[in-house]
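Here's the structure, in structure tokens; my notes come after.
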Amino acid sequence: MQDTLWLLYPWIKSLHVISVIAWMAGLFYLPRLFVYHVEQANLGPDTLKLFETMEYRLLKAIMNPAMISSWIFGLILVGLPGLIDWSEVWPWTKVAAVVGMTWFHMWLGARRKALAAGTDTMSGRGYRIMNEVPTVLLIVIVVSVIARPF
């Protein structure tokens, strides 16, 4: 089994990177949609319905499958013997950032539900600030994996 996984390593890694790119695109775009949703709420129910549809489809059709596949392919890679030296710091900083990214994804899901229910109280400025969270986490992940300064 291990030999097969090592033969498939370039494909598994490719699928992991593709999944992460799709997930990150959603993590960057959904908070921006929330900014527009909050700031354009006075344009009427048709506009709100359009934002709710876009937010729902982005989360359910793109972000959720991308997050799940990122985790699956990432865990397969982690399971390859000898690929990661867990005595180093970099894999742990990556794990912490990926857990943070997953928390942020779940937080966005909760915000989407609150916006749809009309109970969200966050401002457009608040969403703009939160939109920087995935950028910071992405920097931590990429630097941890590529530069391995720790």
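No lab work stands behind these numbers, since they all come straight from the coordinates. As the structure is a computational prediction, the values presented were derived from the model and not from experiment. Quick reminder, even Gly has a Cβ in these numbers, built from the backbone with ideal geometry, and neighbours come from all protein chains shown.
Summary of computed values
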read-out: Check on ILE62, assigned to a helix (DSSP H, G or I), in contact (Cβ under 8 Å) with a residue 40 or more places away in the chain and under 17 Å from the mean Cα position of the chain (by Cα); value: yes
read-out: Whichever residue in region 109-121 is in a helix (DSSP H, G or I) and in contact (Cβ under 8 Å) with a residue 24 or more places away in the chain and, among such residues, is farthest from VAL89 (Cα to Cα); value: ALA116
read-out: Qualifying residues in region 9-41 (those that are out of contact with any helix residue (DSSP H, G or I) (no Cβ under 6 Å at 6 or more places or on another chain) and not hydrophobic (A, V, I, L, M, F, W, C)) - the one surrounded by the fewest Cβ atoms within 10 Å (Cβ to Cβ); value: PRO10
read-out: Residue match in region 122-142 (condition: assigned to a helix (DSSP H, G or I) and within 30 Å of ASP3 (Cα to Cα)); value: yes
read-out: Within region 89-130, tally of residues that are under 23 Å from GLY79 (Cβ atoms), more than 13 Å from the chain's Cα centre (by Cα) and polar (S, T, N, Q); value: 1
read-out: Selection from region 65-108 of residues that are assigned to a loop (DSSP other than H, G, I, E, B) and closer than 16 Å to LEU15 by Cα; value: GLY79, LEU80
